[in-house]
1. If you line up the Cα atoms of the stretch A:298-366 on their principal axes, what length do they span on each, largest first, in Å?
2. Can you give the FRET efficiency to the nearest 0.05 for residue A:427 and residue A:156, using r as the Cβ-Cβ distance and R₀ = 51 Å?
3. In whole Hz and in residue order, list the ³J(HN,Hα) couplings for the stretch B:300-313 that follow from phi through the Karplus curve 6.51 cos²θ - 1.76 cosθ + 1.60, θ = phi - 60°; x for Gly and Pro.
4. What are the aspartates and glutamates whose alpha-carbon lies under 12 Å from the alpha-carbon of residue B:10, with same-chain residues fewer than 8 places away excluded?
5. How large is the helix-only mean residue ellipticity at 222 nm for the protein assembly as shown, computed as the sum of -39500 (n - 2.57) over DSSP H runs with n ≥ 4, divided by its residue count, in deg cm²/dmol to the nearest 500?
6. Within the stretch B:236-314, how many lysine pairs that are 8 or more places apart, or on different chains, have C-alpha atoms less than 16 Å apart?
7. If contacts are Cα pairs under 8 angstrom and at least 6 residues apart, what is the relative contact order of the stretch B:3-233 in percent?
8. By a straight-distance test (C-alpha under 24 Å), which lysines pair with residue B:118 as possible cross-link partners, with residues fewer than eight away in the same chain excluded?
Amino acid sequence: MFTLVLFEIRKRIKPVFWMALAIVSMVAISMQFYPTITENMALLDGFLSTGMMDQVLGAFNVEVAAMKSLVGFFNTYCTMWVMMVGGVFFAYVGADLLSKEERLGTIDYLALKPYSRVKIYLSKWLSLQALILTFFIVITGVGWGSLKLQESRAPWVVDENALTEERIEQVVKQGDSISANIVIDEAIFSAYTNEMLLKSVTEQQESVDTAGIDAKGLIDAFGDQMQDPEALFDAMLSDPDQYLALFKNFVTDDALSQLDRASFIEAVHEEQDKYENLSQDFITTDHILRDYFKTNPEFFLNLVIEQNLTKDLFNAVPEMKKVIMQFNALALLRALFNMYMVTVVLGTLGMFMGGALKNNAAAPQQALGLTLIFYFMNSILGYEVNLSWIKWLTPFGYAETSGDEINLARLMLLFFVAMLFFIVGGIRYKKRDFSSRV
Amino acid sequence: MSIIFEQATKYYGKAIGIKALDLVVKQGDFFGFVGPNGAGKTTAIKLMMNLLQPSSGSVYIDDVDTSRHFDKIKASVGFMPSDASLYGDLTVEALLRFNRNLYKTDAIARLKGVNHPKVFEEMMIKRENDLIDWLNIDTKKKFKALSLGNKKKIAFVLAVAHYPNVIILDEPTSGLDPLIQEVLMSTLRMLHKEGNTIFLSSHTLSEVENNCRTVGLIKSGQMLEVNTIEALKANSLKEITLTVAKRQFESIKKWAIDNEAVLYDQIKEYESTLKVVYHTKASVTQILKSLGELTLVDVSIDSPSLETLFMHYYL
């Protein structure tokens, strides 16, 4: 069987190599824009987050926020070039491996050689795997290189995945030396509380919390006022009736819904005091990392980055080099692994089509078309919240191309489904007529 | 190795390829498979080679049902398809090497009666080189750069290089020049003498007549006649060429009616004589007896050529 596998690889390696080269040069050219993008980040940020652009980019799987980091920027292009073009290409190749033999009539020769049809089918799949692997080795190598070239220009980025309990403890213990250097003002405190509030609400599963308050609804009702808690407290105290009525709309607990005006004012005063005390402590402490780091590590790491204190942090806690970096190589590998798995699945589906269809002359084109449909189904319909389930019907929907994670269970499920198709294709291939001309 | 078709039937959708076809080709036979285009020759062959699945019935090679266990006998079968399609980007040398590598296993070496795959590889190289010499093949060229004739030569070499015991050829000589046709046929005769079974589908009737021992005629997906060429000729029509005086022609017509002879051709008309050809199923003795009563200038009695037989069956 080795002879057959090697034979297929030799026949196909050239187009695969050219394809890899084409994609790699597109990626390399794209990376040339990176310096311009980083220099004009602020301007770009404003433009990209306007409603229209946000939606358009969303449709093409471009995450605006992610684009700012080096790997995020790379992945934005990788997703386009590697996933779509590579996926389409290997779906085509997968189908063509079987279809071409029948189209050209060479199957009349190959099928008479002392290998069973199952072995022919399997060896074609194995050679497809070798080709995909080669393709991704080239992409990874060149991708790595072109990112390394831009590393010094890239902003520092926090890798959430690398943020282990152990490392957090280290920062809490050793962070005092730089805590003093961190400048903290009202605005930072306000941003901190906002983020904490948002975090607690989004993490909360049920809409009504244990106290019987629909916090999410309440925060939505407050709207922009949430940006400035001090002002909100003042507003509440100056017009308690209106806010009490508003509050009661979001209360399910009986005792709370009976709340009178005086108790409400008292409670607001209490909360205001708590907030002010916290604010005072937050702004004046010399041990900000020791006291508050654990509550929201990412917030403080981003603060360290913003205030150009990364070097000080690395001196205090060298381990943090694995958490904060300009070129997150692991994220690059994670993203590429996701794309690799999707490509494997698409190639396998292509082979299924070449194997199962009796009149398979057009199978490569059909596999190509189907892959494109998958891609746009995932991109465009996946963005529409009500239709987001559609992405689970496409292989692309299972991949986490941002590089944030490898959802192994999900990828394995996808691979398993593809293998089922593969087996069905093999069973059909074993028993069917070859469609060469009669 | 014998080949047996047992009620083999193949439908393409509703169209019929072959219909309840029965055929036995004995071990060691040189079988000619003859029929017009569209009669089902290629369908029958592809069924036999497990490239198509029968709609019903079976084909056996060496008692193995080819639609079920073809893998068991693949190494003993050589097949030359009609349209000589091979991997165009490879040179002939590379094609031959690839082909050899496919047979380089212990199991095949054992089957072929040698103790090591390398030994069998040497045997294959020897046979390839002999054929390359005889057929005058340029092995450095890429396959796609070859003419149709040369492509067919390569397909032939690949079909027999692995010492198959049964060799199936689908119109091997079409597109080849007569010289090469003869080299190919003499190679087949040699392989036949070595005890191999040859199954030759052909358009060229003289080729079948000169080489095959048995011939099968197929029409509309069914066998019309299967017999040795000798028997086929003996049992069938006799071709009588008569030269008679013109004024005697009436008596000839009467003779023809009495003996159920059919006027096949009027070859020549001379000033006072005619040369005519009759076909009859009567035996030679009968013919001689009846001819005695006629006044003839000249007479000859022949067995018809396969071509004439063919015309008789298909027109």
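1. Computed over the stretch A:298-366, the largest-to-smallest principal extents equal 67, 19, 15 Å.
2. The pair residue A:427/residue A:156 has a calculated efficiency of 0.45.
3. 9, 10, 10, 7, x, 6, 4, 5, 5, 4, 4, 4, 4, 6
4. Residue B:10 reaches A:433.
5. -17000 deg cm²/dmol
6. For the stretch B:236-314, qualifying lysine pairs total 8.
7. Taking the mean separation of contacting Cα pairs over the length of the stretch B:3-233, I get 30 percent.
8. Within the straight-line limit of under 24 Å, residue B:118 reaches these lysines: A:113, A:119, B:72, B:74, B:104, B:126, B:140.
Every number in this text was worked out from the coordinates using simple rules, so none of it is lab data. Nothing here was measured: the structure is a model prediction, and the numbers come from that model. Don't worry about glycine lacking a Cβ; one is built from the backbone with ideal geometry, like all the others, and counts go over all protein chains shown.
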